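The values are calculated or read from the model by the stated rules, or taken from the named source; none is laboratory data. Since the structure is predicted, the reported quantities are computational estimates derived from the model, not experimental observations. Here the Cβ positions follow ideal geometry from the backbone for every residue, glycine too, while neighbour counts run over all protein chains shown. We work out accessible area using only protein heavy atoms, side chains counted, and drop any ligands, DNA or RNA first. Shrake-Rupley method; radii C 1.70, N 1.55, O 1.52, S 1.80 Å.
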Amino acid sequence: MRQSIRHQSVRYVMVGAFVYACDILVFLLVIAVDESMYLVGNIVGKIVGALVGFFLHKHVTFSWKQRDGTTQQFVSYMLTLGTKMVLSSALLWFAVEQAGMYEPVAKLIVDVVTIVIAFVLSRWLVYRPG
């Protein structure tokens, strides 16, 4: 079953809000312990969010008949996550260290950019229609 990008976008935002809450909560917990560990908090938060997100996006956001099996999708999802983590960590480092932004604000701005990229990658590379 084909699904419109509009409907998927709405579901992606709803699922993504929950996934992002997991990500940001871990991030905030890590920097509450040690502010200088903001990059570690970013990476650990992304991993926790990804584990929750893989399942929810597979079954809620992209609920069409999918071309690839779960194992192939998980590998693709993890490669997408790796790309997202590298990009977000580099941008976060730049925002904090070079632009002098407050860590939580910088993370929010960086994540808005990477969430859009992740949607496009997920739609066309991970959860491809059958």
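Check segment 80-92 and report whether any residue there is open to solvent by less than 70 Å² (accessible area, probe 1.4 Å), touching a Leu at 6+ places or on another chain (Cβ under 9 Å) and at pLDDT below 90. Give the derivation first.
Let us first name the residues in segment 80-92 that are open to solvent by less than 70 Å² (accessible area, probe 1.4 Å), namely 80-82, 84-85, 87-92.
Now narrow it down to the ones that are touching a Leu at 6+ places or on another chain (Cβ under 9 Å): 80, 84, 89, 92.
Imposing the further condition that a residue be at pLDDT below 90 reduces the set to 80, 84.
Scanning segment 80-92, I find at least one residue that is open to solvent by less than 70 Å² (accessible area, probe 1.4 Å), touching a Leu at 6+ places or on another chain (Cβ under 9 Å) and at pLDDT below 90, so the answer is yes.
With respect to being touching an Asp or Glu at 6+ places or on another chain (Cβ under 9 Å), open to solvent by less than 50 Å² (accessible area, probe 1.4 Å) and assigned to a helix (DSSP H, G or I), TYR38 fits the description. Residues in segment 41-70 that are among the small types (Gly, Ala, Ser) and more than 15 Å from the chain's Cα centre (by Cα) were compared, and the one that is surrounded by the most Cβ atoms within 10 Å (Cβ to Cβ) is SER63. Taken over segment 60-77, the criterion of being free of Cβ contacts under 8 Å to residues at least 60 places away in the same chain and either outside any helix (DSSP H, G or I) or over 15 Å from ARG128 (Cα atoms) (or both) is satisfied by GLY69 alone. On inspection, ALA99 does not qualify as open to solvent by 20 Å² or more (accessible area, probe 1.4 Å), small (Gly, Ala, Ser) and within 19 Å of ALA118 (Cα to Cα).
Any residue in segment 85-105 that is in contact with a strand residue (DSSP E or B) (Cβ under 9 Å, 6 or more places away or on another chain), assigned to a helix (DSSP H, G or I) and not aromatic (Phe, Trp, Tyr)? Reasoning before the result, please.
Looking only at segment 85-105, we keep the residues that are in contact with a strand residue (DSSP E or B) (Cβ under 9 Å, 6 or more places away or on another chain), and these are none.
No.
Matching residues to (1) exposed (fewer than 15 other Cβ atoms within 10 Å of the Cβ); (2) on the phi > 0 side of the Ramachandran plot; (3) of a type outside the set (Phe, Trp, Tyr):
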residue	(1), (2), (3)
MET14	yes, no, yes
TYR20	no, no, no
ILE31	no, no, yes
GLU103	no, no, yes
TRP124	yes, no, no
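Which members of segment 106-120 meet the condition of being more than 11 Å from the chain's Cα centre (by Cα) and either open to solvent by 70 Å² or more (accessible area, probe 1.4 Å) or modelled with pLDDT under 80 (or both)? Selection gives LEU108, ILE109. Candidates in segment 75-91 are the residues that are under 18 Å from VAL48 (Cα atoms) and among the hydrophobic types (A, V, I, L, M, F, W, C); of these, the one that is farthest from the chain's Cα centre (by Cα) is VAL75.
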